[in-house]
Amino acid sequence: PVRVSGQTTDGESMAMTAPVRVNGGTGKTKVSFVIGSKYNLQSAPRPLDRNIRLRNVPSHHLAVRKFSGPPPSDDRVKLERKRIDSSLSDSGIRPVTDKETLVYGYHDPVVTPNFLRRNEVAVMVDSSTVTETTSK
């Protein structure tokens, strides 16, 4: 649950959001949720857990591999990252870092069968190396 500023009840319920983003490879795994467009940093309900932070993520470019199936194993993430790195190298696009790999999940884990689950492995890329022809 989350708490709206000044609210004295148990909090406001929010629907589960998609995508769920898992950021690993930097020594500490971080899980992120996208908050619906009706909120901004000032109007978003505050998490009840003090370890959860709200933050604005600036726009950025990603190189992405999309696939269906169960949430990917570490080995699958490494394989997809290797494929992304190879394509970036061939295209002259530089990743921001080689230590950070993002994994996105676009499904309800309780009701969506594995074959319908959409997953993405992504790498943030240096925007100055992306041209209009490579960003499509």
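What follows draws every value from the coordinates through simple rules; no lab data is involved. All values derive from a computational prediction rather than experimental measurement. Every residue, glycine as well, gets a Cβ built from its backbone with ideal geometry; the counts of neighbours run over all protein chains shown.
A few remarks follow.
- Gain upon complete extension [Ile35, Arg83; 0.36 nm per residue less C-alpha separation]: 14.3 nm
- Restriction of the trypsin sites (Lys or Arg not before Pro) in region 51-135 to DSSP coil positions whose beta-carbon has at most 15 other beta-carbons within 10 angstrom yields Arg53, Arg55, Lys99.
- If only the Cβ of Lys and Arg carry +1 and only the Cβ of Asp and Glu carry -1, the dipole of region 70-136 around its Cα centre is close to 140 debye.
- Square roots of five times the Cα gyration tensor eigenvalues for region 54-136, Å: 25, 15, 12
- Label sites at Val110 and Ser91, each approximated as a point 7 angstrom past Cα along Cα to Cβ, lie 3.7 nm apart.
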